[in-house]
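Chemist: My questions will all concern the structure given below.
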Amino acid sequence: MSQAKPSPGEAPLTFAVLVFPGFPMMAFSSVIEPLRAANILAKRDCYRWMIVGADEGTVEASNGVVIQPGFSAADAPKVDRIVVCSGGDADHVVADEAMSWIRKSLRGGAHIGAVADAAFFLARAGLLDGHACTLHWT
């Protein structure tokens with residue numbers, strides 16, 4: 001998801017990281033840390049992010065770390081980019097509210113991506129139909 005750096009005075013791009021139980025912390029960090037670093041290097045907010053859970057409440061990562069998303073899919077605001085982050089069971093995840101929010105966001109002009117196994121969640125919903133997708137061999 002490379003994006004040209006916003007020019008001074010331009011609003012930052014807003015990312016939502018949608019996390020499902022069992023998400024890998026390394027994949028989660030690989031989304032947020034480059035955005036944080038870019039803001040530091042640019043000496044301004046080029047990017048903002050929020051964490052969204054499929055449901056209300058805390059979400060436990062695969063390593064046992066528990067996070068409290070700022071929003072659930074039911075109350076998540078409009079964003080520019082959504083990155084879905086899921087663990088090894090993404091091909092079985094059922095999250096109707098999250099999918100409804102994703103589809104609404106896409107209709108509103110958002111772009112979507114996935115890390116770890118979340119591409120399987122998007123593929124099952126038909127959101128990757130007609131698009132190229134690269135996955136890790138495992």
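Chemist: Given the structure, is ASP45 in contact with a helix residue (DSSP H, G or I) (Cβ under 6 Å, 6 or more places away or on another chain) and in a loop (DSSP other than H, G, I, E, B)? Break it down into steps so the answer makes sense when it comes.
Modeler: Working: in contact with a helix residue (DSSP H, G or I) (Cβ under 6 Å, 6 or more places away or on another chain): yes; in a loop (DSSP other than H, G, I, E, B): yes.
It is true that ASP45 is in contact with a helix residue (DSSP H, G or I) (Cβ under 6 Å, 6 or more places away or on another chain) and in a loop (DSSP other than H, G, I, E, B).
Chemist: For ARG44, are the conditions met, namely being touching a His at 6+ places or on another chain (Cβ under 7 Å) and either crowded, with 16+ Cβ neighbours inside 10 Å or over 20 Å from VAL115 (Cα atoms) (or both)?
Modeler: No, not satisfied.
Chemist: Shifting gears a bit: Starting from the range 111-138, take each residue that is touching a residue at least 12 places away in the same chain (Cβ under 8 Å) and under 16 Å from PHE20 (Cα atoms) and list its partners that are part of a loop (DSSP other than H, G, I, E, B) and among the small types (Gly, Ala, Ser), counting only C-beta distances under 7 angstrom and pairs at least six apart or across chains.
Modeler: These pairs meet every condition: ALA116/GLY87; ASP117/GLY87; ASP117/GLY88; ASP117/ALA90; ALA118/ALA90; PHE120/ALA90; PHE121/ALA90.
Chemist: Could you give me the residue pairs with C-beta distances under 6 Å whose first residue belongs to the range 16-29 and is surrounded by fewer than 21 Cβ atoms within 10 Å (Cβ to Cβ), whose second residue is hydroxyl-bearing (Ser, Thr, Tyr) wherever it lies, and which are 6+ apart or on separate chains?
Modeler: Hits for this filter: GLY22/SER62; PRO24/SER62.
Chemist: Further, regarding this structure: Any idea which residue in the range 21-55 is nearest to the chain's Cα centre (by Cα), counting only those that are modelled with pLDDT under 95 and closer than 21 Å to LYS78 by Cα?
Modeler: Looking at the filtered set, the residue picked out is ALA54.
The values are calculated or read from the model by the stated rules, or taken from the named source; none is laboratory data. Treat the numbers as computed from the prediction; the structure is a model and nothing was measured. Virtual Cβ from ideal backbone geometry, glycine too; neighbours counted across all protein chains shown.
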